[in-house]
Amino acid sequence: MATYEYHCPDCGRFDVHLPIGTATPVCDCPACHGPSRRVFSSPYLSRVPAAVAAGLAREERSQEAPEVVTDLPPRRRRRRPHPALARLPRP
Ligand SMILES: [Zn+2]
């Protein structure tokens with residue numbers, strides 16, 4: 001299912017959920033049942049997980065001004081193993 005956006009001249013914009021490729025240029029308004037024209041808008045990017053959106057934004061920024069690394073990344077601290085793992089038999 002895809003979300004298509006329509007604009008009613010009397011009621012404003014509304015969404016219609018239809019299978020992909022089945023949207024028509026004109027749809028009846030759910031409130032006044034008048035003819036409404038389809039509106040093309042940006043996709044719902046807010047539904048993209050935050051980590052993915054941040055990665056896409058970083059990739060887009062790096063096209064014009066790539067990040068320059070001058071230092072090594074900081075060393076990661078080793079985590080202490082879970083106490084239950086200490087009780088396991090050793091080979
Ligand atoms: Zn309407």
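The values are calculated or read from the model by the stated rules, or taken from the named source; none is laboratory data. Computed from a predicted model, the values in this text were never measured in an experiment. Positions of Cβ are backbone-derived with ideal geometry, glycine not excepted, and every protein chain shown enters the neighbour counts.
What to note about this one:
- Test for Thr24: is it of a type in the set (Val, Ile, Thr) and within 18 Å of the chain's Cα centre (by Cα): no
- Subset tally (residues that are within 13 Å of the ligand (Cβ to nearest atom) and touching an Asp or Glu at 6+ places or on another chain (Cβ under 6 Å)) for the stretch 14-33: 1
- Yes/no for Phe14 being surrounded by 10 or more Cβ atoms within 10 Å (Cβ to Cβ) and either touching a Cys at 6+ places or on another chain (Cβ under 8 Å) or among the hydrophobic types (A, V, I, L, M, F, W, C) (or both): yes
- Some residue of the stretch 21-33 being of a type outside the set (Gly, Ala, Ser) and over 21 Å from Tyr4 (Cα atoms): no
- Set side by side, the residues Ser62, Ser42 differ, and just one is surrounded by fewer than 10 Cβ atoms within 10 Å (Cβ to Cβ), small (Gly, Ala, Ser) and either modelled with pLDDT under 90 or away from the ligand (no atom under 16 Å from the Cβ) (or both), which is Ser42.
- Across the stretch 45-55, the number of residues qualifying as modelled with pLDDT of 85 or more, among the hydrophobic types (A, V, I, L, M, F, W, C) and surrounded by 12 or more Cβ atoms within 10 Å (Cβ to Cβ) comes to 1.
- Selection count where residues are within 25 Å of the chain's Cα centre (by Cα) and of a type outside the set (Lys, Arg), scope the stretch 27-53: 14
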